[in-house]
1. Looking at the square roots a ≥ b ≥ c of the eigenvalues of the Cα gyration tensor of chain C, which shape do they give, rounded for a/c under 1.5, prolate if a/b is larger than b/c, or oblate?
2. What net charge is computed for the residues neighbouring A:Leu41, neighbours being all others with C-beta under 9 Å from the C-beta of A:Leu41, Lys and Arg scored +1, Asp and Glu -1?
3. Cut-off under 14 Å on the C-alpha distance; same-chain residues fewer than 8 positions from A:Lys151 excluded. Which aspartates and glutamates are left, in chain and number order?
4. Rank these for me by crowding, D:Glu113, A:Glu84, going from fewest to most other beta carbons within 10 Å.
5. Which of the lysines could a cross-linker bridge to D:Lys14, judged by Cα under 18 Å and excluding same-chain residues fewer than eight apart?
6. With respect to the symmetry axis carrying chain B onto chain A, which residue of chain B exhibits the smallest Cβ distance to that axis, and what is the value in whole Å?
7. Quick one: with label points 7 Å out along Cα→Cβ, list the inter-copy distances for B:Gly232 in nm, shortest first?
8. Using a 7 Å offset from Cα along the direction of the beta-carbon, what are the separations from C:Val2 to the same position in each other copy, nm, ascending?
Amino acid sequence: MSRSFSATILHNDYQSSLFKRLVVKPSSTVILPKPGQFYMLQTGDSFDPLLKRPFSIFSYEENTLHFLYRIRGKGTHSLSKLKEGTDIQLIGPLGNSYPAPEGDFIAVAGGIGIASLFPLLQKFEKRAHLCYGARNKAELVMVDEARKAAKELFIATDDGSAGGKGFVTEYLKHCLDSFPGAPVYACGPTPMLHIVAKKVRDRGIPCYVSLEEHMACGIGACLGCVVKTTAGQKRVCKEGPVFAAEEIIW
Amino acid sequence: MSRSFSATILHNDYQSSLFKRLVVKPSSTVILPKPGQFYMLQTGDSFDPLLKRPFSIFSYEENTLHFLYRIRGKGTHSLSKLKEGTDIQLIGPLGNSYPAPEGDFIAVAGGIGIASLFPLLQKFEKRAHLCYGARNKAELVMVDEARKAAKELFIATDDGSAGGKGFVTEYLKHCLDSFPGAPVYACGPTPMLHIVAKKVRDRGIPCYVSLEEHMACGIGACLGCVVKTTAGQKRVCKEGPVFAAEEIIW
Amino acid sequence: MVNLAVEIGPLKLKNPVMTASGTFGYGEEYAEFVDLNRLGAIVVKGLSLTPREGNPTPRIVETPAGMLNAIGLQNIGVRAFIKEKLPFLRQFDTPVIANFFGDTIDEYVQAAEELSAADGVRALEMNISCPNKQAGWIVFGTDPKTMDQVVGAVRNVTKLPLIVKLSPNVTDIGCMAKVAEDSGADAVSVMNTITGMVIDIRRRKPVLANATGGLSGPAIRPIAVRMVWEVYKAVKIPIIGMGGIMTAHDAIEFMIAGARAVAVGTANFIMPTATTDICDGIEAFLKEERISDINDLIGSLTTSKK
Amino acid sequence: MVNLAVEIGPLKLKNPVMTASGTFGYGEEYAEFVDLNRLGAIVVKGLSLTPREGNPTPRIVETPAGMLNAIGLQNIGVRAFIKEKLPFLRQFDTPVIANFFGDTIDEYVQAAEELSAADGVRALEMNISCPNKQAGWIVFGTDPKTMDQVVGAVRNVTKLPLIVKLSPNVTDIGCMAKVAEDSGADAVSVMNTITGMVIDIRRRKPVLANATGGLSGPAIRPIAVRMVWEVYKAVKIPIIGMGGIMTAHDAIEFMIAGARAVAVGTANFIMPTATTDICDGIEAFLKEERISDINDLIGSLTTSKK
Ligand SMILES: Cc1cc2nc3c(=O)[nH]c(=O)nc-3n(C[C@H](O)[C@H](O)[C@H](O)COP(=O)(O)OP(=O)(O)OC[C@H]3O[C@@H](n4cnc5c(N)ncnc54)[C@H](O)[C@@H]3O)c2cc1C
Ligand SMILES: Cc1cc2nc3c(=O)[nH]c(=O)nc-3n(C[C@H](O)[C@H](O)[C@H](O)COP(=O)(O)OP(=O)(O)OC[C@H]3O[C@@H](n4cnc5c(N)ncnc54)[C@H](O)[C@@H]3O)c2cc1C
Ligand SMILES: Cc1cc2nc3c(=O)[nH]c(=O)nc-3n(C[C@H](O)[C@H](O)[C@H](O)COP(=O)(O)O)c2cc1C
Ligand SMILES: Cc1cc2nc3c(=O)[nH]c(=O)nc-3n(C[C@H](O)[C@H](O)[C@H](O)COP(=O)(O)O)c2cc1C
Ligand code: FES
Ligand code: FES
């Protein structure tokens, strides 16, 4: 059960014009991922793009791994062109995972951050108060699925094209007040995570953030992805991507 | 009618494990090619492979261009992976063409050299005495089609796995003797072309060879593809690829 | 409307997109693909006083995201250029920049004199990435003293804007740019190709007949952008940036790093309309970013590091 | 059976495939993917006398067929390495080569002394592509005099095989290799990364927090192969070749150009089993070509050009 394996693409379908869902079938038995873990995925067949790209596990079923990705730059474009039947190389599952919540919990997703939180929502079904925000409606994905998996769902967009207008962190305050003691799990752009951390800080409840950094190796070797913490520099790919918010030096 | 245009792939099918036939439909009206001309084809979607690759026109019908290619290195591998519906950029038709034969003619094809000669065989149907050679049977392609288009067909392989065993140029002598005065058209590896040129030299009949050189631009700008001739250096992509054999300084 | 016009010393360009020497022939090869009137300038294939045969083939080999060329500076010579190629180029409302080189300082000087006298040559670009016959074939552009001599000598014989095209095969390109500036250059081109080699492992021979060749294309872009930035910090004269520019995005990178104009090379081979596509893309970017004058982009890089 | 064993000076390797410093951590990160016993040597992440924080992030950005890194030489320091990492590495039947660096000659010397005294360090690789604090931050490896001093000083304090890792950011790498040889190096590594930059055009800032970074990966391979060949012609000591090796084919190119061994860097990120895949591929190639001893391949390049 090597964490470096090849897999065949079963599906690589648009969810909307910006998002695709990739389903692969590993060619050998693989280690089962935990919510919050990620994989490094080969995105093409040449040296351009060169590096594998990190993607969170979105869901897994017997013998298939699912990823949800937003088409962004060169790597995700290349990935989006791969057809069913193509074999790609993966490394994973990598990194740590979200600690299991004991009861209900609060989840804050910014944009594609939903992909990382989704297995948590599913594993602990109907226990998440989910605040899900994005720049606009087009940047939201899997809303129905998220609604089904969560206990309740608050949507916010910067421009008000879906849900409430404004930052998703506005809903966080409401949740924090309504469900005191519920731990917070957040994944999204760093500025959003920072706001989440600040809002939760003085409440004495656990707050876990899943960080992103540019990655080359994904396995702790290149030191490309470090983050400063109260316990020194840590590698997002190895000691993370999930960190206790108070540990991060923002 | 620009010679730089985009086209949609209609088919990109294996003829055998080594050869594929590519059919594209230009998105605009294009200049009709002549036998012996070639196109520069985009082979992928990234900067690796970087350069377009030269391929002879294999056949053309109303609004479609056909190419026959052997999968060799990076560029042809990349090309072989492109799916129907993909758009690629082409430049062409490029270079000069085979002068029209007056009566019957002798054609000598080495390996994929058949691709370049094929439109000549078709245009002047049942007039070619075709000597077609390759390393082995697997390196022969479109044999039935060639037989149909030619007046007669001699096959030779280095290992005797198809046709006569030995060099295709052995049949040339027979043809030269049997059809005195018939002009010779040859396309294939340079050593083969050189042998053809030597065999024909003293007979005082026209002999045309289609040369290959590594190409970057295909349009005469980079000077990558020059060949020494009795009239100075010439560009294979512009003054060629078809040259009178006696003009070449081998 | 955004202003795209830039000035390379005394030379005014309607936009900053030029062609890189050796990748655009003598202009005529691309006339059917590109409206030559739309180019900032046309830089022609490197010229020498007398015609050159260049190297044997293979002269070209592809590398990951790049290519090596060892054309060996084949060209028709200054006089044939003036007689046979220049009349065609004079038809267009686009400055012609003559790239030239020599084996000796004398050859540089004579070529410069003849080109300066020609009607229609608006600036000279000196290729100094070639070896000096009279000094053990040390490349002019890698030795500060030789470079000073050859640039100074050419400066003395021409009133045309003089652009020195720097070699990247040096330890400190900023220092070499300074030498060029001090020797009288009006501008520098950054950069020429980087020497490389590809080996045919079965035959145990270099793929190129010349053994080594010059690496160009996207592979070298990060190096070229860095060199432009280093040169920008070292000299006051304008910089023409080049090396792997494929898209408007790339051209803008060079300009932000400090290039006053850019030259498009290998990209022409891949997309014959690359130059004008890039020009259109730069204009679109400026509009999006609400920048009314391209000159505001030049050298606009801010860094936390000096 | 083919012989894959090579000798880097006094150091015997069972095969020529090593890891490139900084791309294989301290070995343990790859232990689950690669049988470390199968490597020619393990070169660990660059070490300094005292631990280093390195640069802020982003530290990594991809480029066409390459990547820039500006890790900034983050490392746990010589002592922590010896105490915490070396015991793990001693388990394997594979020589450990300690890559190290300093800000001053003294730091180099002290690091070399401590590493030489450690049980399990079989050779030293000096990274001289870093700036000299006491000489206006001029990079040690770009100035022959400074290089001579620092290599000589380290040579005086170690009996271990001493490998000097050359910087490609120089005019004449053959000359720098000669300096290293004359200063007492047992071997040279060719080459370190080439300085490059990528700019975020919307923000007008470098993508890397450090502004520039080192270019590695297939993009630089033709340059690295050429430099190995130049060094091969300039010195007698063995060469460890590296720069963009992705496959056995590439490794063989370096060996034909003159490399006695090769190091695999960026490829580890793309395929964790790259090192052993390459080793298998080299063996297969030798069999196909009926070469019974890999040493017959080294420097086997023939050219029509000198
Ligand atoms: C642990 C982890 C898990 C992730 N999970 C997912 C996921 O499930 N779905 C998904 O769509 N995306 C996910 N991402 C982000 C994803 O890796 C990047 O979007 C992708 O690498 C961009 O590649 P590209 O070549 O398309 O874009 P590039 O052209 O490389 O870059 C486009 C833009 O994205 C930035 N970028 C590149 N890589 C990263 C990165 N690693 N982190 C942040 N910004 C980056 C670049 O600076 C640039 O601005 C995850 C990232 C990490 C670190
Ligand atoms: C005018 C012309 C017409 C051609 N027509 C056809 C055709 O109809 N069908 C077809 O299959 N091929 C044709 N070729 C050859 C074809 O262009 C090459 O096979 C192709 O470019 C190889 O690309 P690659 O990336 O797959 O191989 P590479 O990895 O680039 O090279 C594989 C091998 O082919 C050699 N090679 C690369 N390019 C050329 C070239 N242009 N000429 C000769 N050898 C080369 C390389 O040195 C190497 O040994 C033609 C070539 C020319 C010049
Ligand atoms: C085929 C070819 C020929 C070239 N000929 C010349 C030349 O004659 N004179 C010159 O100064 N530069 C020459 N160059 C260098 C280019 O002008 C340019 O500096 C270099 O290719 C980098 O730009 P690019 O990556 O956009 O191609 C040539 C480059 C190529 C690819
Ligand atoms: C992320 C990264 C970190 C590196 N760290 C070091 C280092 O600490 N010391 C050193 O001498 N070289 C270092 N290098 C350079 C490599 O050892 C190697 O020389 C270079 O990457 C070229 O090889 P490649 O193209 O195979 O990666 C590093 C390279 C990378 C990509
Ligand atoms: S990505 Fe290499 S250490 Fe994290
Ligand atoms: S391929 Fe460029 S001149 Fe012929």
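1. rounded
2. Summing Lys/Arg as +1 and Asp/Glu as -1 gives +2.
3. A:Asp104, A:Glu125
4. Ordered from fewest to most neighbouring Cβ atoms within 10 Å, D:Glu113, A:Glu84 come out as A:Glu84, D:Glu113.
5. D:Lys287
6. Residue with the nearest Cβ, plus whole-Å distance, for chain B: B:Asp48, 2.
7. 7.1
8. 5.5
All of the numbers you see were taken from the coordinates with simple rules; none came from a lab. Just so we're clear, the structure is a prediction, and the values are computed from it rather than from any experiment. Counting neighbours? That spans all protein chains shown, and the Cβs are built from the backbone with ideal geometry, glycine included.
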